[in-house]
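Enquirer: Take this structure, written in structure tokens, and hold onto it; I'll ask about it next.
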Amino acid sequence: TSAPAPAPAPSAAPTPTPAPAPAPAPAPAPFSPTSATLSPAQIISLAPQLDFTSGQNPTGTGNCQGAVPGGPEIPCDCPPSQADFNTALVANALAGHAVNNTVVPIGFPTDSSLNSQIIRIESALSTLQNLRGPGVGCPAVSSTLSAQLAALQG
């Protein structure tokens, strides 16, 4: 006689269907350029002044004295002329970011609030420090922008 047929293997419990993955968090809104409401003339009229001229007091090392007396030396070609700086600031403000370092947002509000003045100076500093490429520009101490910002922040 033949052996009895083996008992069927118990069927596995049905595998629960995994819950759908949660929807990814929405990406932060990109920095919104303000170009829709800005004109180059508005930007230039509100552009913070650098208040320093390049080439001051060469140190003999190929550098010059910066805007801060006794402070660090700066490249003698820093800062650019106010006109050249304004051209870069206009391009950045209209783009909503530093055109030579696109991860750096540039805001340029036009009202006279304290916060807007601070944002404009911060944007001017970013423009100065990214004139020629990412992080390639003039140091903050090549202008009085940091002192202007400190005065506003009290």
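The values are calculated or read from the model by the stated rules, or taken from the named source; none is laboratory data. Quick caveat, the model's predicted, so the values are computed rather than measured. No Cβ is skipped: glycine too gets one built from the backbone with ideal geometry, and neighbour counts run over all protein chains shown. To get the accessible areas, we keep the full protein, side chains included, count just its heavy atoms, and leave off ligands, DNA and RNA. Shrake-Rupley method; radii C 1.70, N 1.55, O 1.52, S 1.80 Å.
Enquirer: Listed residues P26, P58; which is out of contact with any helix residue (DSSP H, G or I) (no Cβ under 9 Å at 6 or more places or on another chain), more than 21 Å from A124 (Cα to Cα) and modelled with pLDDT of 90 or more?
Expert: P58
Enquirer: Is the range 90-102 home to any residue that is of a type in the set (A, V, I, L, M), under 12 Å from the mean Cα position of the chain (by Cα) and within 14 Å of S142 (Cβ to Cβ)?
Expert: The answer is no; no qualifying residue exists.
Enquirer: Follow-up question, since we're still on this one. Across the range 74-94, which residue is least open to solvent (accessible area, probe 1.4 Å) among those that are small (G, A, S) and in contact with a Ser or Thr (Cβ under 7 Å, 6 or more places away or on another chain)?
Expert: In this case the residue turns out to be A93.
Enquirer: While we're looking at this one, here's another question. So which residues in the range 51-106 are free of Cβ contacts under 8 Å to residues at least 40 places away in the same chain and either among the hydroxyl-bearing types (S, T, Y) or assigned to a helix (DSSP H, G or I) (or both), if there are any at all?
Expert: T53, T59, T61, S81, Q82, A83, D84, T87, A91, N92, T102
Enquirer: Can you find even one residue in the range 39-47 that is at pLDDT 50 or above and open to solvent by 100 Å² or more (accessible area, probe 1.4 Å)?
Expert: Among the residues of the range 39-47, not one is at pLDDT 50 or above and open to solvent by 100 Å² or more (accessible area, probe 1.4 Å), which makes the answer no.
Enquirer: Condition test on T110, is it among the hydroxyl-bearing types (S, T, Y), under 18 Å from A67 (Cβ atoms) and in contact (Cβ under 8 Å) with a residue 12 or more places away in the chain?
Expert: Here the answer is no, as T110 does not meet what is asked.
Enquirer: Please specify each residue of the range 40-50 satisfying the condition of being in contact (Cβ under 8 Å) with a residue 12 or more places away in the chain and of a type in the set (A, V, I, L, M).
Expert: Within the range 40-50, I43, I44, L46, A47, L50 qualify.
Enquirer: Further question on the same structure: Of everything in the range 110-154, what is surrounded by fewer than 18 Cβ atoms within 10 Å (Cβ to Cβ) and in a loop (DSSP other than H, G, I, E, B)? Give them in sequence order.
Expert: T110, D111, S112, S113, R132, P134, G135, G154
Enquirer: Can you find, within the range 56-73, the residue that is farthest from V141 (Cα to Cα) among those that are exposed (fewer than 11 other Cβ atoms within 10 Å of the Cβ) and of a type outside the set (S, T, N, Q)?
Expert: G60
Enquirer: Scan the range 94-125 residue by residue and report those that are over 16 Å from Q148 (Cβ atoms) and of a type in the set (A, V, I, L, M).
Expert: Result: L94, A95, A98, V99, V103, V104, I106.
Enquirer: Another question, if that's okay. Could you list, in sequence order, the residues of the range 77-89 that are polar (S, T, N, Q) and under 19 Å from the mean Cα position of the chain (by Cα)?
Expert: Within the range 77-89, N86, T87 meet the criteria.
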